[in-house]
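Shown next, in structure tokens, is the structure this report addresses.
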Amino acid sequence: MLNQFSRTELVFGKEAMDKLEKSRVAVFGVGGVGGYTVEALARSGVGALDIIDDDKVCLTNINRQILATRSTVGKYKVDVAKERILDINPKCEVRAYKTFYLPDTKDEFDFTEYDYIVDAIDTVTGKLELVMNAKTAGTPIICSMGAGNKVNPYMFEVADIYETSVCPLAKVMRYECRKRGIDKLKCVYSKEKPIRPLEDMSISCRTNCICPPDTRKCTVKRDIPGSTAFVPSVVGLIIAGEVIKDITHFDRGDR
């Protein structure tokens, strides 16, 4: 019988689609990268999604985040994502957490119940906590490295963290993972040298913050990165593709 996933089934086959329907994936961070990952996972038939983000949609998100439109500004990203997921697939079980993931919030989550974990957050402390908890639970994880201040989507690739170079965030993660005895970590990164953002205070959040009330403001960051519509989206879709292939164990073979 035809359904919204029939075209995907023509590629992967029914057995793979059944695996996706029975899978639960946790996506930590549903912004520029994670939002597109969630979108692709929902459209691929993943049966259960946990989405974790404490942020609200800001006007400055509209240039790159699939959940950000004029009508969603000021709403929690996970609420917008949940509504969108259920509009795509009403049968999907969605759990939305308005949580900023750090060591003091890790106990809200049981990593053993996930089939896959996506790290799309932008703090090293949170990333490392996710990686360590995934390792303890024996759950596969894929991490997004730096996507800001880059303009070449063709340079992103999937690699082990110890095979990365150039990316400043990957460099930090390599060092910290080595210290913690992490022997491998799947990630998406780029060898493109980041662009230094313009120091234009007329369009800077430093002097013109318009974040919705009661949100964790981006001005707490040391640097506020620039970004485009076509870089974070590519990273998010690459990550979703890796999750889907790993869950289904799809091998193209002679097809």
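Values in this text are rule-based calculations from the coordinates and carry no lab data. The shown structure was predicted, so the numbers you read here are calculated from the model rather than taken from an experiment. Cβ placement follows ideal geometry from the backbone for every residue including glycine, while neighbour counts extend to all protein chains displayed.
Give the whole-number value, in cubic angstrom per residue, of the convex hull volume spanned by the C-alpha atoms of the chain. Write down the numbers at each step before the final one.
Details: hull volume 34.2 nm³, N = 255.
Each residue corresponds to 134 Å³ of Cα convex hull volume.
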*Stretched out fully, how many nm does the piece from MET1 to LYS193 gain, at 0.36 nm a residue minus the Cα gap?*
64.3 nm
*Check the straight Cα-Cα distances from LYS91 and name the lysines below 24 Å, setting aside those fewer than 8 residues away within the same chain.*
LYS14, LYS19, LYS22, LYS75, LYS77, LYS82, LYS245
*Among THR72, THR228, THR8, which residue has its Cα positioned farthest towards the positive end of the charge dipole of the chain, with +1 placed on the Cβ of Lys and Arg, -1 on the Cβ of Asp and Glu, and the dipole taken about the Cα centre?*
THR228
_Using the Karplus curve 6.51 cos²θ - 1.76 cosθ + 1.60 with θ = phi - 60°, what ³J(HN,Hα) values do you get for each residue of the range 166-175, in whole Hz, with x for Gly and Pro?_
6, 4, x, 5, 4, 4, 5, 5, 4, 4
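To the nearest 20 debye, what charge dipole does the range 28-149 have about its Cα centre, counting +1 at the Cβ of each Lys and Arg and -1 at the Cβ of each Asp and Glu? Present the calculation step by step, with values, prior to reporting the outcome.
Values: 14 positive and 18 negative charges, 103 e Å.
I would put it at about 500 debye.
With runs of 4+ DSSP H residues as the only contributors, calculate the mean residue ellipticity of the chain at 222 nm using -39,500 (n - 2.57) per run, divided by the residue total and rounded to the nearest 500.
Rounded to the nearest 500, it is -10000 deg cm²/dmol.
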*Please give the residues of the range 14-38, grouped as numeric ranges, whose backbone N is less than 17 Å from a label point set 7 Å along the Cα-to-Cβ vector of GLU93.*
18-27
*What is the helix-to-structure angle for 32-43, meaning the angle in degrees between its Cα long axis and the longest Cα principal axis of the chain, kept from 0 to 90 and rounded to the nearest 10?*
20
_Built amide H within the under 5 Å cut-off of ASN63, gap 5+_ = none
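Using only alpha carbon pairs under 8 Å that are at least six residues apart, calculate the relative contact order of the chain and give it in whole percent. Don't jump to the answer; show the numbers that get you there.
Details: 450 pairs, mean separation 58.6, N = 255.
Value for the chain: 23 percent.
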_With an 8 Å Cα cut-off and a minimum separation of 6 or more residues, compute the relative contact order for the range 1-147 in percent._
24
